[in-house]
Amino acid sequence: MKTGFIYTDAYLDYDYGPTHPLQVTRLKLTYDLLKSYGLLNLPSVQSISTVKAEEKDLSGFHSEEYLNVLRQADEGRVSGNAYSYGLGPGDNPIFPGLYNWSLLVTGATLQAVDFVAEGKGEIAFNIAGGLHHAMRARASGFCYINDPVIGIMRLLRLGKRVAYIDIDAHHGDGVQKAFYETNRVLTISLHETGYTLFPGTGFEHEVGKGEGEGYSVNLPFPPGSDDEVYSWAFEEVVPGLVQAFKPDVVVTQLGVDTFYNDPLTNLHLSLSGYERVLRRIKDLAPRWVALGGGGYNISNVARAWTLAWAVMNEVELNEELPESFLKEAVKIGFETGELKGPLRPPLHSQNEETRTEMERVVRYINETVLPKVKGKPPNPP
Ligand SMILES: [Zn+2]
């Protein structure tokens with residue numbers, strides 16, 4: 001088995017701002033932890049330096065007017081109507097180089113796609129990617145360019161069938177919307193319910209439209225949902241859907257903001273629950289393009305994506321974090337010396353109501369949505 005890891009220190013040239021929850025240093029921290037564990041020197045691993053996407057790659061999905069606004073913002077010029085494209089102080093700040101940042105992130109996703117599509121390996125991971133909220137002509141939820149959509153579009157052009165699985169705490173709304181009316185992409189999003197969390201969508205009755213009916217699947221979890229109910233619902237729904245659809249490639253958004261101590265969300269997963277889900281994805285995916293995503297506790301981000309990479313490469317890691325890593329990491333606020341930390345979040349998180357609600361959602365999907373999902377149609381005679 002071969003795997004590709006895409007990264008560059010050039011990410012650190014960009015900064016959403018000192019008070020913004022998305023801190024680019026989390027990528028470097030992850031890279032450092034991977035390296036300290038020796039996970040980039042494995043015989044199976046190819047390290048790939050990120051190359052920017054080309055402008056034409058973006059215009060396959062985003063509108064030309066919107067891209068122009070981003071280009072102007074990149075040069076520090078703010079056009080009068082930036083607000084109407086979702087830009088401005090708050091979630092999607094205008095910072096120097098934001099367009100170039102987006103080209104880098106998207107470029108890494110396309111490199112991951114090419115690595116897998118060209119058969120250089122079975123799995124590729126772009127930790128900087130997964131910016132799943134960006135819309136065709138609007139920045140949203142810290143995302144300017146929707147790299148998952150652009151990556152999936154390239155796979156479609158290559159004739160691949162794609163299942164997209166999004167385990168970020170937030171609904172993968174931008175990706176769902178892009179493929180809402182097609183049966184060539186199956187999107188599955190597991191997230192905290194839109195009743196309590198941005199972007200306020202992703203309910204189970206959002207199932208796709210026209211030819212795409214049945215090919216958008218949503219598992220909205222109540223706040224406080226823990227490992228147990230999360231992996232139960234995953235197991236009840238995701239393997240059946242993927243097996244029915246028979247994708248050539250699985251693209252995942254592996255957001256790590258589902259943990260009980262994430263500052264922006266209310267799910268109660270632990271790293272052990274996260275690992276369990278990743279192992280299942282690995283079993284299910286014939287080829288796997290893995291993207292990063294949210295995650296606002298930097299100690300969680302580095303540990304979770306290191307664990308993810310270990311799962312992808314079938315390596316077991318020591319629970320003690322390498323000392324060489326910790327010495328530097330504590331200086332920027334790293335909070336723990338253990339890889340998975342305590343096995344379970346606080347016990348009060350799981351309750352009967354959560355279980356009953358998720359049983360209802362799972363039943364709805366398996367009775368109403370799953371029967372609509374079909375595998376590849378046979379070739380005409
Ligand atoms: Zn998120």
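The values are calculated or read from the model by the stated rules, or taken from the named source; none is laboratory data. On a predicted model such as this, the values are computed, not experimentally measured, just so you know. FYI the Cβ positions are ideal-geometry reconstructions off the backbone, even for glycines, and counts take in every protein chain you see.
See the values below:
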item: Verdict on residue 306 being assigned to a loop (DSSP other than H, G, I, E, B), in contact (Cβ under 8 Å) with a residue 24 or more places away in the chain, under 24 Å from residue 226 (Cα atoms) and not small (Gly, Ala, Ser); result: no
item: Considering residues of the range 281-296 that are within 16 Å of the ligand (Cβ to nearest atom) and not hydroxyl-bearing (Ser, Thr, Tyr) only, the residue nearest to residue 235 (Cα to Cα); result: 290
item: Residue in the range 1-42 that is surrounded by the most Cβ atoms within 10 Å (Cβ to Cβ), counting only those that are among the aromatic types (Phe, Trp, Tyr) and closer than 20 Å to residue 329 by Cβ; result: 5
item: Tally of residues being more than 16 Å from the ligand (Cβ to nearest atom), among the hydrophobic types (A, V, I, L, M, F, W, C) and in a loop (DSSP other than H, G, I, E, B) across the range 168-217; result: 3
item: Odd one out for residue 270, checked against (1) farther than 21 Å from residue 26 by Cβ; (2) modelled with pLDDT under 95; result: (1)
item: Residue in the range 67-75 that is loosely packed, with under 14 Cβ neighbours inside 10 Å and farther than 30 Å from residue 310 by Cβ present; result: yes
item: Total residues in the range 226-258, condition over 25 Å from residue 287 (Cβ atoms) and either of a type in the set (Val, Ile, Thr) or at pLDDT below 95 (or both); result: 4
item: Scope the range 297-327; condition crowded, with 22+ Cβ neighbours inside 10 Å and within 16 Å of the ligand (Cβ to nearest atom); matching residues; result: 300, 301, 304, 305, 308
item: Residue check for residue 30: of a type outside the set (D, E, K, R) and not in a loop (DSSP other than H, G, I, E, B); result: yes
item: Matching residues in the range 248-261 - criterion: being away from the ligand (no atom under 16 Å from the Cβ) and surrounded by 24 or more Cβ atoms within 10 Å (Cβ to Cβ); result: 250, 251
item: Only one of 186, 190 that is under 14 Å from residue 266 (Cα atoms) and surrounded by 20 or more Cβ atoms within 10 Å (Cβ to Cβ); result: 190
item: Odd one out for residue 264, checked against (1) within 13 Å of the ligand (Cβ to nearest atom); (2) buried (at least 24 other Cβ atoms within 10 Å of the Cβ); (3) farther than 24 Å from residue 373 by Cβ; (4) of a type in the set (A, V, I, L, M, F, W, C); result: (2)
item: Residue satisfying condition, being at pLDDT 95 or above and within 30 Å of residue 339 (Cα to Cα), within set 34, 103, 67; result: 34
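Residue by residue, here is whether (1) more than 25 Å from residue 341 (Cβ to Cβ); (2) in contact with a Leu (Cβ under 6 Å, 6 or more places away or on another chain) holds:
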position: 222; (1), (2): no, no
position: 243; (1), (2): yes, no
position: 258; (1), (2): no, yes
position: 262; (1), (2): no, no
position: 285; (1), (2): yes, no
position: 302; (1), (2): no, yes
